[in-house]
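What follows is one structure encoded as structure tokens, with my remarks underneath.
The values are calculated or read from the model by the stated rules, or taken from the named source; none is laboratory data. Here the structure is a predicted model, which is why all the values come from computation and not from measurement. Here Cβ is always computed from backbone atoms with ideal geometry, including for glycine, and neighbour counts include all displayed protein chains. Side chains included, ligands, DNA and RNA excluded: accessible areas come from the protein's heavy atoms. Shrake-Rupley method; radii C 1.70, N 1.55, O 1.52, S 1.80 Å.
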Amino acid sequence: MANVSLLPAGDYRTTYRADTTIFPTRNSRIALWLGLALVAASPLFFGRYELSLLINIGIMGIAALGLNILVGFTGQISIGHAAFFGVGAFASAWLHESFHIPVWACIPLAGVITAVVGLVFGAPAARLKGLYLAIATLAAQFILEDFFARARWFTGGVAGRLTEPLTLFGFAFDREETYIYVVLFFVVVMFLGAANLMRTRDGRALVAVRDHYLSAEIMGINLAYYRTLSFGIASLYAGIGGALYAHYLMFVSVEAFNILFSIQFLGMVIIGGLGSIMGSLMGAAFMVLLPEVVQSAAEALSGSAIDRLLRIGGSISYLREMAIGAAIIAFLIFEPDGLAHRWRLVKAYWKLYPYSH
């Protein structure tokens, strides 16, 4: 992927720590703290609907980041990410109900359980590539879907399973105004964890496997190990996202984690930008907000000549799905590097204007 340097001229780094910092400029650090402050203050000026959108963006962003580590950073493919998202959701509810573990502890434990499941499916898939790998992950999707429907002890079967809200020191995070802080905490932890992972030896090995697996193998990188590891990490993120999702909705159902949900996760990664940590959150925001924008547009056109011609009101659900598919195709054609790359170009334009160097 193309990277644009926004460092000012004459900024010479003298230590590895300064060269590998996550936020290289003062403005980037200010933007981070400002963004966190705005999200933290959002319950003061947003209603429950807007807060629900922010919560969903955070949850989907965590799961999409895991998929981006697998697809964007390691060069693998997965069409079963929603199934691992579901494993995390059901595992957290099962741990709390069966073993009476506090919900705040069930969420990371659900991520660990999902990571183990991901390693089980990732071990054979790590020796495959291309179409064969895609078919293997598709098989994992359908195997786990069938498991969800049959394992009543774990998922409640087709009836689903009720969940409990997260409580800490006797305070229940059972409303949008409070649960957003739980999601914000996990978003910060998981995104910082991913950013630091990419700066480690293992993170560089994952990128080497993506860039040229033969060269990586010649350099001594164990391809099977790191491919399997990427599946485990992706599943860990999906599991934590699923657990947060379960304790937000207070109910999880088997039908929610289908193949279409997996395609949406792939869409988040493609639209946000492959191999971009920030792009995962941007892609999640795009995919969460797009159906809402389409619905608002359809309601605005209700009763108009266009509505009578196309009958938009009766086909709003189809329009939302069509919009998602059209967005994925449009980004693949016109912006294959995703929103993160476009954002870097916009920043570079204002940074370098009116000079081109």
- To the nearest 10 Å², what's TYR248's accessible area with a 1.4 Å probe? 30 Å²
- Query: By Kyte-Doolittle mean hydropathy of at least 1.6 and Cα axial length of at least 18 Å, which whole DSSP H helices of the chain are selected?
  - Reply: 103-125, 176-197, 259-272, 316-334
- Compute the length gained on full extension between ALA172 and VAL112: take 0.36 nm times their separation in residues and subtract their Cα-Cα distance, giving the result in nm to one decimal. 19.2 nm
- Message: Given a 1.4 angstrom probe, I'd like the percentage of the accessible area of region 41-352 that is carbon and sulfur, rounded to a whole number.
- Response: 69 percent
- Query: Taking only protein heavy atoms and a 1.4 Å probe, what accessible area per residue, in Å², does the chain have with all protein chains in place?
  - Reply: 52 Å²
- From highest to lowest solvent-accessible area (probe 1.4 Å; ligands, DNA and RNA excluded), GLU177, GLU50, GLU299 read GLU299, GLU50, GLU177
- Where in region 180-211 does the label zone of ILE218 land, with the point 7 angstrom along Cα→C-beta and an amide N cut-off under 17 Å? 208-211
- Sorted on mean Cβ neighbours within 10 Å (highest first), peptides 213-224, 250-261, 113-124 come out as 113-124, 250-261, 213-224
- Item | Kirkwood hydrodynamic radius of the chain, Cα pairs, Å | 21.6 Å
- Query: Is region 132-236 rounded, prolate or oblate when judged by the Cα gyration tensor, a ≥ b ≥ c being the square roots of its eigenvalues, rounded requiring a/c under 1.5 and prolate requiring a/b larger than b/c?
  - Reply: oblate
- Task: Assuming 1.306 mPa s and 10 °C, estimate D for region 6-119 with Stokes-Einstein, Rh taken as the Kirkwood radius over Cα pairs, in µm²/s.
- Result: 89 µm²/s
- In Å², nearest 10: area of ASP146 left accessible to a 1.4 Å probe: 70 Å²
- Highest mean first, what order results for 280-289, 330-339 on Cβ atoms within 10 Å? 280-289, 330-339
